[in-house]
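Written below as structure tokens is the structure these notes are about.
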2 protein chains.
Amino acid sequence: MDRRKFNSTLALGASGITLASNVPMACAMGTNQDKKKLGIALVGLGGYSTYQLAPALQDTEHCYLAGVVTGTPEKEKIWVNKYNIPKENIYNYDNFDSIKDNKAIDIVYVVLPNSMHADFSIRAARAGKHVICEKPMAMNVEECDAIIDACKKAGVKLGMGYRLHSEPYTQEVKRFVREKTFGNIRYISADAGYYSGSSPGQWRLNRKLSGGGALVNMGVYAIQSLIYGTGENPISVSAQEFSTRPAYFKETDETITAQFQFDSGAFGTIMTSHNVNANRLHAKCERGWFELDPASTYIPLAGRTSNGGLNFKQESQQKLQMDDFAMHILFDAPNLAPGEMGKRDMMIVEAIYKSISEDGKKQALNFEPAYGFSDG
Amino acid sequence: MDRRKFNSTLALGASGITLASNVPMACAMGTNQDKKKLGIALVGLGGYSTYQLAPALQDTEHCYLAGVVTGTPEKEKIWVNKYNIPKENIYNYDNFDSIKDNKAIDIVYVVLPNSMHADFSIRAARAGKHVICEKPMAMNVEECDAIIDACKKAGVKLGMGYRLHSEPYTQEVKRFVREKTFGNIRYISADAGYYSGSSPGQWRLNRKLSGGGALVNMGVYAIQSLIYGTGENPISVSAQEFSTRPAYFKETDETITAQFQFDSGAFGTIMTSHNVNANRLHAKCERGWFELDPASTYIPLAGRTSNGGLNFKQESQQKLQMDDFAMHILFDAPNLAPGEMGKRDMMIVEAIYKSISEDGKKQALNFEPAYGFSDG
């Protein structure tokens, strides 16, 4: 199957019409339509930029690795040499704001520790650059609002680094939900976790940098799974925390379970952990079931349903994601992971922490039905 | 593989030694050692007796279908004809106590609605008969105590109808736990449920007869899965209830989720429902995982692990269970599901309902480490 290509063609086709009638943003940005590929600057050159995003940007069709922003001077030369990046497209955290004068950079992708997401996303927007912000969106809902506002004010596009919305197994799950392939969803569960034991000094375990533990790192995937796996925003959540290695997890949550209600009557559970290897989405429906396992890893996903196995072409998820965002800018294709999606998930994260602080008490959630869903 | 046969031989072999030194109960019962097969009387001739237990008793090696007890006179002739049961071994609920004079009946198997478990188990014990009690053991912990006391006073054996302890996939899970095949258990989850929609008049939906809904019916399997899947009694539990069809589930719980802590640091979750088809046990361990799916159905179980698939000989679970209990009586083989196991599970059921009534508040559980475990 190659639905991907079909979708891509469709989006490009539709853009012909759209461009003629309704693309104030693209026009406002000036040069986008003249270019074949948008230039992306990666901010933060940790493992994710190094091993996932930069390699993916060698294969993207609508964007490319144009620049980097790093706080570590020694990394500059390595990246310049490896990816042939012009010297003038290398920034550090201090001179970052001058990126506004660099026409080669269209998109700033914020891949920093969580505590720096809001600052750099807002500065990128003020520099007139489109923004991709890694998950979790920020340290709290207030910061999410600030990012969204800054992008609106600057007239730039904002997307979350939720790569799975561009991934074919996940898109198939969304199709099952949309077309009710297995009828209504009754019960959905998602696990997202890995065992962390050898890196006590990592920023993810430092609350000032991370804002939280397993929940804000892996739990966001599980929350996402429940929402695209039901097609609904939850109406309530309750949650519990489990701890077995407090000496390692000094400041951040090790394991959290949570239970969700949806307006349709569906309910869901998640387990997220920095102590357990688990990665799964499973939905029980009126007429069968569907499952992804793994459901959110970088390695190829896999899936099966009560009707049989799933088998989609495997491509870099990050390549697909960044191309989708570039197409959103260039051709007004849907924004598959808008900023409101990141904010909604942070609202759920905050409700989960509140439930835990109230010994598992159920917290009401009051989203508009489609709040935070993809534009498309 | 045929571990079963091996175990059975082992138990019989061991009994030679045991019988010579330590079998006061078997001696007290008088005739057991002279007989090849113990006579079982089924009390309550609903679907489980009709389609599972009676057929299984045609294949058992150490017991046989000797009598029935029914409240429905029309059923008597059918069972007499079908299974060639002597007229004098047929009882009704009124003359049931006279079963004490019937030497053909060694074991009374209580397969009645939950509200009648305690009454008939206690009367069976007072009649000097060994007792198998279906799950859930009774309506509450107080009744469980009364059953256990009555059996102790009467000097008869008491076993729960927990067939899975005699089932090879479940025994393999217990071996994984005992031998730490995959290291320590970190996270275990179990789902046990089915969709009920067409029988609003069934006794399971009548609280006076059932004592509860999904939790006391299917939830007990999930609780069992967590305990034999970790080898530990839980130290706390929290729980939530979900309802979507209150018109159908007027008096009993439709769906319940619960979260458990164990002293080792393992944690677990269950989902049980009369609204969702689901049947699974899955454990994440230090070095891999194991899974049964289905984990508690009558149809053959299936399992797989991070080391590969499991493949055991399929036999009637009820045949294995009743033979194991007969061997417990005849040869002092372990009681795989003693009354205390049923009581422990009822204590957990009560803690779950209490947590729900307190909006998900965690309830402490204080079991002795091996309380309610198999004797063996």
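The values are calculated or read from the model by the stated rules, or taken from the named source; none is laboratory data. Bear in mind the structure is a predicted one, so any value in this text is a computation, not a measurement. Quick reminder, even Gly has a Cβ in these numbers, built from the backbone with ideal geometry, and neighbours come from all protein chains shown. In case anyone asks, the SASA skips ligands and DNA or RNA and just uses the protein heavy atoms, side chains included. Shrake-Rupley method; radii C 1.70, N 1.55, O 1.52, S 1.80 Å.
A few points about this structure:
- Per-atom-type breakdown for the protein assembly as shown gives carbon and sulfur 52% of the accessible area (1.4 Å probe, protein chains only).
- Overall, chain B carries a charge dipole of about 520 debye about its Cα centre when +1 sits on the Cβ of Lys and Arg and -1 on the Cβ of Asp and Glu, all other atoms neutral.
- Rounded to 5, the percent of DSSP beta bridges in chain B classed as antiparallel: 60 percent
- The heavy atoms of B:ARG207 present about 100 square angstrom of accessible area, all protein chains included, probe 1.4 Å.
- Residue separation of A:THR72 and A:GLN58 scaled by 0.36 nm, minus their Cα-Cα distance, works out to 2.8 nm of gained length.
- A 1.4 Å probe, protein heavy atoms only, puts the accessible area of A:HIS62 near 20 Å².
- Each label point was placed 7 Å from the Cα along the Cα-to-Cβ direction; for A:ASN81 and A:LYS208 their separation is 3.4 nm.
- With all protein chains in place and ligands, DNA and RNA left out, the 1.4 Å accessible area ranks A:VAL80, B:VAL276 as A:VAL80, B:VAL276, largest first.
- Each Lys and Arg Cβ is given +1 and each Asp and Glu Cβ -1; about its Cα centre, the protein assembly as shown then shows a dipole of about 1040 debye.
- Heavy-atom accessible area, probed at 1.4 angstrom with all protein chains present, ranks B:TRP79, A:TRP289 as A:TRP289, B:TRP79, highest first.
- In nanometers and ordered shortest first, the copy-to-copy spacing of the A:LYS361 label point, defined 7 Å from Cα toward Cβ, is 1.1.
- The range A:347-376 versus the range B:184-253: alpha-carbon centroid distance in Å: 26 Å
- In the context of the full set of protein chains, the protein assembly as shown has a per residue accessible area of 40 Å² (1.4 Å probe).
- Sorted shortest first, the separations between the A:ASP149 label point and its copies elsewhere in the assembly read 6.8 nm; each point sits 7 Å from Cα along the Cα-to-Cβ line.
- Length released on extending from B:LYS37 to B:ARG178, taking residue separation times 0.36 nm less the Cα-Cα span: 47.6 nm
- Exposure of A:ASP119 as accessible area (Å², to 10), given a probe of 1.4 Å and all protein chains: 80 Å²
- Estimated inter-spin distance, B:ASN92 and A:LYS313, nm [label 7 Å along Cα→Cβ]: 7.5 nm
- Accessible area buried between chains A and B, both sides summed, probe 1.4 Å, in Å² to nearest 100: 2400 Å²
- Cα centroid of the range A:46-64 to Cα centroid of the range A:255-291, whole Å: 31 Å
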